[in-house]
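Visitor: Pasting a structure here, questions to come.
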Amino acid sequence: MNDLIPLMVIVPIIVAILLNLFSKQNTTVKILSFLVAIVLPIIPILSNYGLHYFGGHAPLIDNGNLLNSLPSYISDGALSTFHIGITYSFESLQRILLFFLFVVGFLCILTTLGERKRIPGSYMFLMFMGLAAVTAMLLSDDIFHMYIFFEIAIVAQVGIVLASTDDLKYEVAMKYLLLGSVGGPILLIGIGFLLGLVGSVNITDIVYAVKNGLINTSSPVFLFSFGLIFFGWLYSVGLPPFHTIKSSIYSKAVPSGSALLQALSVVIFISLGITIFRIYSSLPLLEVFLIFFSLSGMILSLTMAIMENDFKRMIGFLAVGELGYIGLGFGIGTKLSLTAALFQGLNEIIITAILFIGFGVILYLTKISDITKLGGLIENNPKIAIIVLLGGFAMAGVPPLNGFQSKLMLIQSALNDNLPELAIIMILISIITFMTFMKAFHSIYLKPKPKNLIVEDVRVPRSSIFAMAVLIVICIVLGIMPTLVTNGFSGFVGGLI
Amino acid sequence: MIDTQLAALLSSGSFIIIGLYAAIFIDNIIKKIIGLSFIEEGANMFLITLAYRPDGIVPIFLPGMTPEWFASKSAYPLPHALVLTSIVIGASTLAIMLAIAMVLYNKHGSLSASVILGDKK
């Protein structure tokens, strides 16, 4: 059922619009959000692999009658293989990532519904628009289409931050938008250079032109387009020099919103990362740039996470730092490393959601995010403490959880590619991540409770506990049986290299 | 006489450089936003420039034209379509930035970026 492919984008957009229309009708907003969020993960499961041509505009070569009526310079050349309209491509990568993205999206929406009595429809609108935008980016085979949804995703992310109650939300949102207004046009100019070279914005067409020598890959224009698109990618994913603003964005949103923001960022990271890899994999510069910026991101973010006492910002920095692992996988560029990078991306979505929702419960009960003012909370919520602890273990790469499997694959791929120094750095960063997480966990749960700490006598929303429980089960299952997803990723990567 | 396409390219480059200057060096947040608009319009103009063809025609296929003649004369329509979308997206982002700037002005009583955004984490 290839017709279901565009529905993965269309359904959340339509629901988002409806939610905005019924913004003030609380019950309608809640029911509609819940129902659609629970249905969304089913669509990627039911869809068949394949391509969807918008408007039915298949490449000319697929239309024999039309092809015969065209001049020979079109019918016999590369032009006949070029894509005329926007194309969506749905393969194993898209199925796995979108399924888990929608599951995390559902759990974030469920948590929001559980934590708030009144939900503005506009907030749910932003959540669904964010989901639709990154889904379109992952499915699209058109780089300009990706750019458009990239901009929509940024606006949705800013909106999610603005819906929080943090005092500094406007300042952080403005900073993010100011930077985004530089990053976006720079990405667009890079796309413009590619359009000028190839005459198409379809990624498959651009890759065809690059691989078949139709364009000069050592020309300054091609290299310049690489630099510009790479810069736009750094902004969108929060690698240096944008790591600070990205973690600020996470720390200012409500915790369930932060979980979704990180999921959106990871999917943007993977979508644009794969596009860059496909187009520019012939450039030796690509490997150097990817490894340099990923390592810088990991080291800088971790350094800032260690010094941080605000657990929201700490998790924000850890989340941004973990993205570096995905970049390293792309940088190494082998089949194993790319599979590991995609697996790491999936794990990142799940693990950070656990941590944001788990620490969100602390915020819900105490209204405090400074770990020096917290303590002894294991007495109040031992179950949540255990789930958060397991989430932290998964992030640090402790066996047998999913984070361990993806990091092990990444380390193996670095060793196989004669890059032992990278493997050592990855191990060291995992250890420091573990220490940083344990510092926060000890301060919040294990150290004696401060006398002036007031824990509100309210029950933790069941939706939050349910969301965390589902996510931790996924972590354990993927840790024990990683082949459930790695086979699919490996199949996709096989076609990529 | 300067080539039209070259002149347009230089103009788009100027827009981008002026915009970058405003975004980086001017402290007033509204002027920063105007600068960012310049960058965006520069990018749009750059795309439009790609579509230009000397002595070209509007890319509408009319009765009496042969496909070969049309293909040799028509401007490239794709960048025009892209820019149209880009303008809409740019306008939305601009509206949000201005709305936030209004809120920040009411909160801080200033439009200075160093005052508003200073050392906020």
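Visitor: Tell me, which helices (runs of 4 or more DSSP H) wholly within region B:31-121 include 3 or more residues that are modelled with pLDDT of 90 or more and among the small types (G, A, S)?
Guide: Answer list for region B:31-121: B:77-108.
Visitor: Considering A:L374, A:L389, A:L415, which residue is within 26 Å of A:I270 (Cβ to Cβ) and out of contact with any Lys or Arg (no Cβ under 7 Å at 6 or more places or on another chain)? It would help to see each step written out before you state the result.
Guide: Working: A:L374 fails: within 26 Å of A:I270 (Cβ to Cβ); A:L389 fails: within 26 Å of A:I270 (Cβ to Cβ).
Of the residues listed, the single one that is within 26 Å of A:I270 (Cβ to Cβ) and out of contact with any Lys or Arg (no Cβ under 7 Å at 6 or more places or on another chain) is A:L415.
Visitor: Then there is this: From the list A:S281, A:S248, A:S265, A:S296, pick out the single residue that is more than 14 Å from chain B (Cβ to nearest Cβ) and under 17 Å from the mean Cα position of the chain (by Cα).
Guide: A:S265
Visitor: Also, quick follow-up: Which of (1) within 23 Å of A:I315 (Cβ to Cβ); (2) modelled with pLDDT of 90 or more is the odd one out, the single condition A:L453 does not satisfy?
Guide: (2)
Visitor: Taking the condition in contact with a Phe, Trp or Tyr (Cβ under 6 Å, 6 or more places away or on another chain) and surrounded by fewer than 22 Cβ atoms within 10 Å (Cβ to Cβ), does A:I424 pass?
Guide: no
Visitor: Kindly provide the set of residues from region A:221-247 that are among the polar types (S, T, N, Q) and at pLDDT 85 or above, ordered by number.
Guide: Scanning region A:221-247 gives a single hit, A:S225.
Visitor: A further question follows. Can you tell me which residues in region A:172-190 are more than 28 Å from B:L111 (Cα to Cα) and either facing chain B (nearest Cβ under 8 Å) or more than 23 Å from the chain's Cα centre (by Cα) (or both)?
Guide: Listed by number, the residues that qualify are A:L188, A:I189.
Visitor: Could you check region A:1-60 and list, in sequence order, the residues that are under 25 Å from A:L107 (Cβ atoms) and assigned to a loop (DSSP other than H, G, I, E, B)?
Guide: Once the filter is applied, which keeps residues that are under 25 Å from A:L107 (Cβ atoms) and assigned to a loop (DSSP other than H, G, I, E, B), region A:1-60 yields A:F22, A:S23, A:Q25, A:L40, A:P41, A:S47.
Visitor: Could you pull out every one of the helices (runs of 4 or more DSSP H) wholly within region A:391-497 that has 2 or more residues that are of a type in the set (K, R) and outside the structural domain of A:T366 (by TED's automatic domain parsing)?
Guide: Correct list: empty, since no element meets the threshold.
Visitor: Against the conditions (1) touching a Pro at 6+ places or on another chain (Cβ under 9 Å); (2) without any contact (Cβ under 8 Å) to a residue 60 or more places away in the chain, where does A:I480 fall short? Just the number, please.
Guide: Of everything listed in (1) touching a Pro at 6+ places or on another chain (Cβ under 9 Å); (2) without any contact (Cβ under 8 Å) to a residue 60 or more places away in the chain, A:I480 misses just condition (2).
Visitor: Quick one: would you say A:T372 is under 22 Å from A:K246 (Cα atoms) and either assigned to a helix (DSSP H, G or I) or assigned by TED's automatic domain parsing to the domain that holds A:G238 (or both)?
Guide: So A:T372 does not fit the description; no.
Visitor: Out of A:S248, A:S294, I need the residue that is in the same structural domain as A:L419 (by TED's automatic domain parsing), hydroxyl-bearing (S, T, Y) and either buried (at least 20 other Cβ atoms within 10 Å of the Cβ) or free of Cβ contacts under 8 Å to residues at least 12 places away in the same chain (or both). Which one?
Guide: Exactly one residue qualifies, and that residue is A:S294.
Visitor: Could you tell me which residue of region B:22-50 is farthest from B:S74 (Cα to Cα), considering only residues that are more than 7 Å from chain A (Cβ to nearest Cβ) and of a type in the set (D, E)?
Guide: B:D27
Visitor: Consider region A:374-414. How many of its residues are surrounded by 14 or more Cβ atoms within 10 Å (Cβ to Cβ) and over 24 Å from A:I350 (Cβ atoms)?
Guide: The number of residues fulfilling the criteria is 4.
Visitor: Right, here's the next one. Please specify each residue of region A:52-74 satisfying the condition of being within 25 Å of A:Q94 (Cβ to Cβ), exposed (fewer than 13 other Cβ atoms within 10 Å of the Cβ) and within 14 Å of chain B (Cβ to nearest Cβ).
Guide: The one that is within 25 Å of A:Q94 (Cβ to Cβ), exposed (fewer than 13 other Cβ atoms within 10 Å of the Cβ) and within 14 Å of chain B (Cβ to nearest Cβ): A:G55.
Visitor: Right, something else. So A:S218 ticks every box in (1) modelled with pLDDT of 90 or more; (2) part of a helix (DSSP H, G or I) but one. Which box is left unticked?
Guide: Result: A:S218 fails condition (2) only.
Visitor: Return the residues of region B:43-58 that are on the phi < 0 side of the Ramachandran plot and either touching a Lys or Arg at 6+ places or on another chain (Cβ under 9 Å) or of a type in the set (A, V, I, L, M, F, W, C) (or both); say none if nothing qualifies. Before the answer, list the steps.
Guide: Our first condition is that a residue be on the phi < 0 side of the Ramachandran plot; within region B:43-58, this holds for B:43-54, B:56-58.
Selection gives B:A43, B:M45, B:F46, B:L47, B:I48, B:L50, B:A51, B:R53, B:G56, B:I57, B:V58.
Visitor: Every residue in region A:81-127 that is in a loop (DSSP other than H, G, I, E, B) and aliphatic (A, V, I, L, M), please.
Guide: Residues satisfying the conditions are A:I84, A:I86, A:I119.
Visitor: Taking region A:8-45 as the search range and keeping residues that are in contact with a Ser or Thr (Cβ under 8 Å, 6 or more places away or on another chain) and closer than 18 Å to A:L97 by Cβ, which one is surrounded by the fewest Cβ atoms within 10 Å (Cβ to Cβ)?
Guide: Among them, the one singled out is A:V9.
Visitor: Let me ask something else about it. For region A:156-171, give me the residue count where each residue is surrounded by 20 or more Cβ atoms within 10 Å (Cβ to Cβ) and facing another protein chain (nearest Cβ under 7 Å).
Guide: The number of residues fulfilling the criteria is 3.
Visitor: Restricted to region A:196-245, and to residues that are free of Cβ contacts under 8 Å to residues at least 24 places away in the same chain and touching a helix residue (DSSP H, G or I) at 6+ places or on another chain (Cβ under 6 Å), which residue is farthest from the other protein chains (Cβ to nearest Cβ)?
Guide: Among residues in region A:196-245 that are free of Cβ contacts under 8 Å to residues at least 24 places away in the same chain and touching a helix residue (DSSP H, G or I) at 6+ places or on another chain (Cβ under 6 Å), the one farthest from the other protein chains (Cβ to nearest Cβ) is A:I215.
Visitor: Also, quick follow-up: Could you check, for region B:75-98, whether at least one of its residues is away from every other protein chain (no Cβ under 12 Å) and hydrophobic (A, V, I, L, M, F, W, C)?
Guide: The answer is yes, given that some residue of region B:75-98 is away from every other protein chain (no Cβ under 12 Å) and hydrophobic (A, V, I, L, M, F, W, C).
Visitor: Ok, one more. Residues that are surrounded by 16 or more Cβ atoms within 10 Å (Cβ to Cβ) and under 22 Å from A:P71 (Cβ atoms): does region B:33-45 have at least one?
Guide: Taking every residue of region B:33-45 in turn, none turns out to be surrounded by 16 or more Cβ atoms within 10 Å (Cβ to Cβ) and under 22 Å from A:P71 (Cβ atoms).
Visitor: Hey, could you check region A:270-317 for residues that are among the charged types (D, E, K, R) and in a helix (DSSP H, G or I) and say which is modelled with the highest pLDDT?
Guide: A:R278
The values are calculated or read from the model by the stated rules, or taken from the named source; none is laboratory data. Everything quoted here is computed from the prediction, not taken from an experiment. Methodologically, a virtual Cβ is constructed for each residue, glycine included, from the backbone with ideal geometry; neighbour enumeration extends over all protein chains shown.
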